[in-house]
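Engineer: The structure's right below; bear with me while I get my questions together.
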Amino acid sequence: MKNSVQRAAALILVTVVLWLHCRRYLPLFQDDAFISLRYAQRFLNGEGLTWGEPPVEGYSNLLWILLISALGFLGVDLVTAARALGFLLTLGAAAAVFFFGKSRRPFPIANLIGALTLALAVPVAAWSIGGLEQPLVAFLLAWSLVLVSHRVTRPHVTPRSMFVPAILLGLLCLTRPDSPVLVAAIVAGFFLVRGVGRAELKAATILVAGAAVCVVGQQIFRVAYYGNWVPNPALVKITFSARHIREGLDYVTAGFWALMPVSLLVVAAAGWGLWRTATRPRFVVPCLAGAAWALYLVAVGGDIFRSWRGWIPIIVVMVIVIAEGLAEIERRFPTVRGRGLLALGATAVFALFLYHQNRDERNRSVLVNQSEWDGQVVGWMLKDSFGTRRPLLAVDAAGSVPYWSQLPAIDMLGLNDAHIARHRPEDVGKGYIGHELGDGAYVLGRRPDLVIFWSPHGREKAVYLSGRQMQALPEFAEQYKLVTFEGRRPYTVRSKIWVRKHGDPLGIGMIARDNFIYVPSYLFDVGAEAVAYVWKPGEVVVDITPTSPAVVRGLTLLPGGWHLHVCANRPVHIVVRASEDSSEVARGDTKFQFECTSEGPELVDVEMACVEPGTTVVHGLELDLRRDPSKIVTITRIGYPCGPTPKSED
């Protein structure tokens, strides 16, 4: 009874420590995690495992998406589902370390130290709530390692004893497609410990079969559903080159130093455990798995995400090695004094561990960079503004803005785009991992209505290849206008977004039969500080002031009588000028009629200024041509938020 109470108290302690540590990094949620949530969102909406159209496999965490979808089906918010799963699975990984150590004492303090080390690792705590699949990887890998390590030390090994580890390794392969690296290392470690005999071959076959069934099954699904043999993430992110290998080596080396002094203790424990014949069987499997993953990171160029995400499998190995190493010390010094000194030393190491980790730049970045939630503000703004009109959105950051806006989208980096991922530039391998691909002509050819370069905040000059190539084409400057939008819920964020200037659903609309022109207010030229914002759902406005008037340039007017109407909440003074020489064509207030007397089409500019002091909210500009101005009739036309639009004379 006492032993059970102690173990329960220890598990509660680990839970509290992990909870408090995770809370420190709220509201962290990685932008790429919203990509996974978009797949889950569309899957729950009956649109399949897709990010957009045509369907592509832009994820590398199938099982994670399916688990989130299952909770979403039960009515759980998807962000909450990802965080709850992450925390519980990390706790499950810590439990694996705690309950399956080798201490012979009733209460294994060495294993508790290992579990607390996992909970105090900044990458583990951060990614427990970061929204991606690392907690699931940690859970499945931890239990696989402790179960296999436990079984290989038995006098006899049976195929039946490998069924549970085989299932876990199979699920690990469904969680990440690069998990066969870990499976191969675990199987190799199994043979190094046990040797090659008939019983060992049968047991290893079971281990491999679990992974193989899942890998082959997912490959069949990939080909049948997506029509491709290779998933997009492999094409976008994996490029073997000398530069990426150097970056991978730097990544592994820097991660080792970021995890000091625990990483140094792990090296000492592993060296000591592998050197001694009596302890070697318990260390071979986890150490080989950790080494294999480190070599894999070197080969692929490391990982681009914050807080050493790529190190999570290695950290799992580290805490298992620590638990095994300290268990040996605990056995050698079983007295209360010895166990007390062990706990005291662990406390000192924990303090140094936390202090050193929090000085690391990658770890500190999870505390200061929260632009993903700015993407929620921008996404909601776009949904409120244009959701019913379904404009096509092109983005570099393919996570938070597409997820929250729920608009059809183009991933300009290619992770979720079939064309870009399979048309790689010739110099691929010389740039930033996962951000090297692009095709500006292709993206421009799809005529996106909205283009956001870089982050949810947008920018005028593109950073990545698709955007740079687009801006090098003369058609881009002709077709697009940079607009500063302002989202105002739940807080204020501004985003610089390029908007296609002509054509439905967002640009300057012209109905040829009725000769009706509509210019939305966000396409006006206003002062540098002016922003477009949501007036009410489906309606975007801008403010003009006495010192910041608005202009619409280069409208083509046919000869005849025109009815002009500026939709605004207050009177507006209007001047119509010829674009060529700025000569005045007409003037009036808010709503008036005028004649265009030129023999052919004429380009004009429309200037709008406040009549009264203060701010005037402008919704849009309408121009309606009628041969007989006296017959002008206006009604509401669905699709144009301004309100009055022309009705045919019939």
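The values are calculated or read from the model by the stated rules, or taken from the named source; none is laboratory data. Since this is a predicted model, take the numbers as computed values, not measurements. Methodologically, a virtual Cβ is constructed for each residue, glycine included, from the backbone with ideal geometry; neighbour enumeration extends over all protein chains shown. Ligands, DNA and RNA are stripped out before the accessible areas are found, and what is left, the full protein with its side chains, is counted by its heavy atoms. Shrake-Rupley method; radii C 1.70, N 1.55, O 1.52, S 1.80 Å.
Engineer: Please go through the range 409-450 and give me each residue that is of a type in the set (A, V, I, L, M, F, W, C), more than 19 Å from Leu392 (Cα to Cα) and open to solvent by 20 Å² or more (accessible area, probe 1.4 Å), ordered by number. Walk me through how you get there before you give the answer.
Structural biologist: Here is the first cut: in the range 409-450, the ones of a type in the set (A, V, I, L, M, F, W, C) are 409-410, 412-413, 415, 418, 420-421, 428, 433, 437, 441, 443-444, 450.
Within this subset, residues satisfying the condition of being more than 19 Å from Leu392 (Cα to Cα) are 421, 428, 433, 437.
Across the range 409-450, the qualifying residue is only Val428.
Residue-wise test of (1) basic (Lys, Arg); (2) crowded, with 24+ Cβ neighbours inside 10 Å; (3) at positive phi.
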residue	(1), (2), (3)
Gly72	no, no, no
Thr80	no, no, no
Arg83	yes, no, no
Leu91	no, no, no
Val124	no, yes, no
Glu133	no, yes, no
Leu140	no, yes, no
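Engineer: Quick test for you: out of Phe386, Phe453, Phe485, pick the one residue that is touching a Ser or Thr at 6+ places or on another chain (Cβ under 8 Å) and within 30 Å of Pro537 (Cβ to Cβ).
Structural biologist: Values: Phe386 fails: touching a Ser or Thr at 6+ places or on another chain (Cβ under 8 Å); Phe453 fails: touching a Ser or Thr at 6+ places or on another chain (Cβ under 8 Å).
Residue meeting the stated conditions: Phe485.
Engineer: I'd like to check something: does the range 441-450 contain any residue that is under 29 Å from Ala242 (Cα atoms) and part of a loop (DSSP other than H, G, I, E, B)?
Structural biologist: no
Engineer: Can you work out which of the residues in the range 355-380 that are closer than 16 Å to Ser400 by Cα and hydrophobic (A, V, I, L, M, F, W, C) is modelled with the lowest pLDDT?
Structural biologist: Kept after step one, since they are closer than 16 Å to Ser400 by Cα, are these residues of the range 355-380: 369-380.
Keeping just the survivors that are hydrophobic (A, V, I, L, M, F, W, C) gives 373, 377-378, 380.
Details: Trp373: 93, Val377: 97, Val378: 97, Trp380: 97.
This residue is Trp373.
Engineer: Within the range 36-58, can you find the residues that are hydrophobic (A, V, I, L, M, F, W, C), touching a residue at least 60 places away in the same chain (Cβ under 8 Å) and either open to solvent by 10 Å² or more (accessible area, probe 1.4 Å) or assigned to a loop (DSSP other than H, G, I, E, B) (or both)?
Structural biologist: Initial filter on the range 36-58 (hydrophobic (A, V, I, L, M, F, W, C)): 37, 40, 43-44, 49, 51, 56.
Right, trim to touching a residue at least 60 places away in the same chain (Cβ under 8 Å) and you get 37, 49, 51, 56.
Within the range 36-58, Leu49, Trp51, Val56 qualify.
Engineer: Same structure, new question: Identify all residues within the range 355-379 that are in contact with a strand residue (DSSP E or B) (Cβ under 6 Å, 6 or more places away or on another chain) and open to solvent by 10 Å² or more (accessible area, probe 1.4 Å); write none if there are none. Walk me through it before giving the result.
Structural biologist: The first filter runs over the range 355-379 and keeps only residues in contact with a strand residue (DSSP E or B) (Cβ under 6 Å, 6 or more places away or on another chain), leaving 374, 377-378.
Once the filter is applied, which keeps residues that are in contact with a strand residue (DSSP E or B) (Cβ under 6 Å, 6 or more places away or on another chain) and open to solvent by 10 Å² or more (accessible area, probe 1.4 Å), the range 355-379 yields only Asp374.
Engineer: Filter the range 355-384 down to residues that are in contact (Cβ under 8 Å) with a residue 40 or more places away in the chain and acidic (Asp, Glu) and give me whichever is nearest to Val493 (Cα to Cα).
Structural biologist: Asp374
Engineer: Can I ask one more? For the range 266-297, which residues satisfy the criterion of being surrounded by fewer than 19 Cβ atoms within 10 Å (Cβ to Cβ) and in a helix (DSSP H, G or I)?
Structural biologist: Within the range 266-297, Val267, Ala268, Gly271, Trp272, Leu274, Trp275, Arg280, Pro281, Ala291, Leu295, Tyr296 meet the criteria.
Engineer: Something else about it: Which count do you get for residues in the range 1-22 that are at pLDDT below 95, of a type outside the set (Val, Ile, Thr) and not in a loop (DSSP other than H, G, I, E, B)?
Structural biologist: Adding up the residues that qualify gives 10.
Engineer: Keeping to the range 380-393, report how many residues are assigned to a loop (DSSP other than H, G, I, E, B) and either aromatic (Phe, Trp, Tyr) or open to solvent by 10 Å² or more (accessible area, probe 1.4 Å) (or both). Before the answer, list the steps.
Structural biologist: Filtering the range 380-393 for residues assigned to a loop (DSSP other than H, G, I, E, B) gives 390-392.
From what is left, the residues that are either aromatic (Phe, Trp, Tyr) or open to solvent by 10 Å² or more (accessible area, probe 1.4 Å) (or both) are 390, 392.
Counting residues in the range 380-393 that are assigned to a loop (DSSP other than H, G, I, E, B) and either aromatic (Phe, Trp, Tyr) or open to solvent by 10 Å² or more (accessible area, probe 1.4 Å) (or both) gives 2.
Engineer: Based on this model, can you work out whether Trp19 counts as open to solvent by 20 Å² or more (accessible area, probe 1.4 Å), of a type in the set (Phe, Trp, Tyr) and closer than 23 Å to Ala96 by Cα?
Structural biologist: Numbers: open to solvent by 20 Å² or more (accessible area, probe 1.4 Å): yes; of a type in the set (Phe, Trp, Tyr): yes; closer than 23 Å to Ala96 by Cα: yes.
Answer is yes for this residue.
Okay, residues lined up against (1) in contact with a helix residue (DSSP H, G or I) (Cβ under 9 Å, 6 or more places away or on another chain); (2) modelled with pLDDT under 90; (3) open to solvent by 40 Å² or more (accessible area, probe 1.4 Å):
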{"position": "Ser582", "(1), (2), (3)": "no, no, yes"}
{"position": "Val585", "(1), (2), (3)": "no, no, yes"}
{"position": "Lys591", "(1), (2), (3)": "no, no, yes"}
{"position": "Glu599", "(1), (2), (3)": "no, yes, yes"}
{"position": "Val604", "(1), (2), (3)": "no, no, no"}
{"position": "Tyr640", "(1), (2), (3)": "no, yes, no"}
{"position": "Gly643", "(1), (2), (3)": "no, yes, no"}
{"position": "Lys647", "(1), (2), (3)": "no, yes, yes"}
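Engineer: Okay, moving on. Just give me the residues in the range 273-293 being over 24 Å from Gln357 (Cβ atoms) and hydrophobic (A, V, I, L, M, F, W, C), in sequence order. Explain how you work it out, then say what you get.
Structural biologist: If we filter the range 273-293 for residues that are over 24 Å from Gln357 (Cβ atoms), which is where we start, we get 273-285, 288, 292.
Of everything in the range 273-293, those that are over 24 Å from Gln357 (Cβ atoms) and hydrophobic (A, V, I, L, M, F, W, C) turn out to be Leu274, Trp275, Ala278, Phe283, Val284, Val285, Leu288, Ala292.
Engineer: Here's another thing I want to ask about it. Going through the range 322-354 one residue at a time, which ones are touching a residue at least 60 places away in the same chain (Cβ under 8 Å), over 43 Å from the mean Cα position of the chain (by Cα) and open to solvent by 20 Å² or more (accessible area, probe 1.4 Å)?
Structural biologist: Hits for the range 322-354 are Ile329, Arg331, Pro334, Arg339.
Residues checked against (1) touching a helix residue (DSSP H, G or I) at 6+ places or on another chain (Cβ under 6 Å); (2) under 24 Å from Asn111 (Cα atoms); (3) of a type outside the set (D, E, K, R):
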position	(1), (2), (3)
Val5	no, yes, yes
Val16	no, yes, yes
Arg24	no, no, no
Phe29	yes, no, yes
Ala33	no, no, yes
Phe43	yes, no, yes
Thr50	yes, no, yes
Val56	yes, no, yes
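Engineer: Something else about it: Within the range 451-469, count every residue that is open to solvent by less than 10 Å² (accessible area, probe 1.4 Å) and assigned to a helix (DSSP H, G or I).
Structural biologist: Number of matching residues: 2.
Engineer: Let me ask something else. Which members of the range 462-501 meet the condition of being touching a Pro at 6+ places or on another chain (Cβ under 7 Å) and either without any contact (Cβ under 8 Å) to a residue 40 or more places away in the chain or over 19 Å from Ser521 (Cα atoms) (or both)?
Structural biologist: Within the range 462-501, just Leu465 meets the criteria.
Engineer: Now for a different question. Any residue at all in the range 46-68 that's within 26 Å of Phe353 (Cβ to Cβ) and modelled with pLDDT of 95 or more? Break it down stepwise before answering.
Structural biologist: First, the residues of the range 46-68 that are within 26 Å of Phe353 (Cβ to Cβ): none.
No, the range 46-68 contains no residue that is within 26 Å of Phe353 (Cβ to Cβ) and modelled with pLDDT of 95 or more.
Engineer: Quick check on my filter: what residues within the range 160-179 are of a type in the set (A, V, I, L, M) and buried (at least 24 other Cβ atoms within 10 Å of the Cβ)? Show your work before the answer.
Structural biologist: Here is the first cut: in the range 160-179, the ones of a type in the set (A, V, I, L, M) are 162, 164, 166-169, 171-172, 174.
Met162, Ala166, Leu169, Leu172 - these are the residues of the range 160-179 that are of a type in the set (A, V, I, L, M) and buried (at least 24 other Cβ atoms within 10 Å of the Cβ).
Engineer: A further question follows. All but one of (1) in contact with a Leu (Cβ under 9 Å, 6 or more places away or on another chain); (2) among the aliphatic types (A, V, I, L, M); (3) buried (at least 19 other Cβ atoms within 10 Å of the Cβ) hold for Leu473, so report the exception by its number.
Structural biologist: (3)
Engineer: Taking the range 394-408 as the region of interest, how many residues are aliphatic (A, V, I, L, M), crowded, with 24+ Cβ neighbours inside 10 Å and not in a strand (DSSP E or B)?
Structural biologist: Qualifying residue count for the region: 3.
Engineer: Considering only the range 485-575, give the strands (runs of 3 or more DSSP E) lying wholly within it that have at least 3 residues that are open to solvent by less than 40 Å² (accessible area, probe 1.4 Å) and under 20 Å from Glu607 (Cα atoms). Talk me through it step by step, then tell me what you get.
Structural biologist: Details: elements: 493-500, 509-511, 516-520, 532-536, 539-544, 550-557, 560-568.
Those strands (runs of 3 or more DSSP E) span 516-520, 539-544, 550-557, 560-568.
Engineer: Taking the range 211-248, which residues are within 25 Å of Asn363 (Cα to Cα), touching a helix residue (DSSP H, G or I) at 6+ places or on another chain (Cβ under 8 Å) and surrounded by fewer than 17 Cβ atoms within 10 Å (Cβ to Cβ)?
Structural biologist: Within the range 211-248, Ile238, Ile245 qualify.
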